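Read the structure below first, then the notes.
Bear in mind that the values in this text are calculations on the coordinates, not laboratory data. Since this is a predicted model, take the numbers as computed values, not measurements. Using ideal geometry, Cβ is built from the backbone for each residue, glycine included, and neighbour counts are taken over all protein chains shown.
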Amino acid sequence: MKNKIDVNVEVTYLPNQSNIPGSQYAFAYTITITNHGETGAQLRTRRWLIQDETGEVEEVVGEGVVGQQPYLSPGESFEYSSGAIINTETGSMKGSYGMINDQGQRFEAVIPEFSLSEPYTLH
């Protein structure tokens, strides 16, 4: 497959940065983006949908990730960490990265939905 970008996510709840009486729950996430395709590709844009357990959705759209637009040759990975604050104990995130390959073709790399939750809150 010419364009194959895999996205893996690890989430950590941040109790010291959360304000539970103020309904602010902080999470850090580390994302590893790996190019399993046949051609190089650059991450140009990001689009996130962040949802809390009330169903409220926040959309975040922007250029690159953490101030960068990484280029990934076939077989290369890029890892970064960021965070999110939601108004409930649990929520979820999903989205996509806007990519462009070496042939100038634009494509979307899907960020699979993942949970934001404190340890032991999901049953």
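Could you tell me how far the Cα centroid of region 2-30 sits from the Cα centroid of region 39-54, in Å?
Their Cα centres are 13 Å away from one another.
Using each residue's phi in region 22-33, evaluate 6.51 cos²θ - 1.76 cosθ + 1.60 at θ = phi - 60° and report the 3J(HN,Hα) Karplus result to the nearest Hz, with x for Gly and Pro.
Couplings: x, 6, 10, 10, 9, 9, 9, 9, 10, 10, 10, 9 Hz.
Would you grab the residues whose amide H sits under 5 Å from the one on residue 18? Only those 5+ places off in sequence or on another chain, please, with H modelled 1.01 Å from N.
Under 5 Å from the amide H of residue 18 lie the amide H atoms of 26, each far enough along the sequence or on another chain.
Say the dipole of region 1-109 comes from +1 at the beta carbon of Lys and Arg and -1 at that of Asp and Glu; which of 61, 98, 29 then lies farthest toward its positive end?
The Cα lying farthest towards the positive end belongs to 98.
Between the DSSP loop rule and a limit of at most 12 other Cβ atoms within 10 Å, which GluC sites (Glu not before Pro) in region 37-67 are left?
Of the GluC sites (Glu not before Pro), the ones in loops of region 37-67 whose Cβ has at most 12 other Cβ atoms within 10 Å are 38, 56.
Ranked from highest to lowest mean number of other Cβ atoms within 10 Å per residue, what is the order of the peptides 101-111, 87-97?
87-97, 101-111
Can you put 66, 9 in order, fewest other beta carbons within 10 Å first?
66, 9
Does region 5-117 come out rounded, prolate or oblate, given a ≥ b ≥ c as the square roots of the eigenvalues of its C-alpha gyration tensor, rounded meaning a/c under 1.5 and, failing that, prolate meaning a/b above b/c?
Prolate is the answer for region 5-117, as a/c is 1.5 or above and a/b outweighs b/c.
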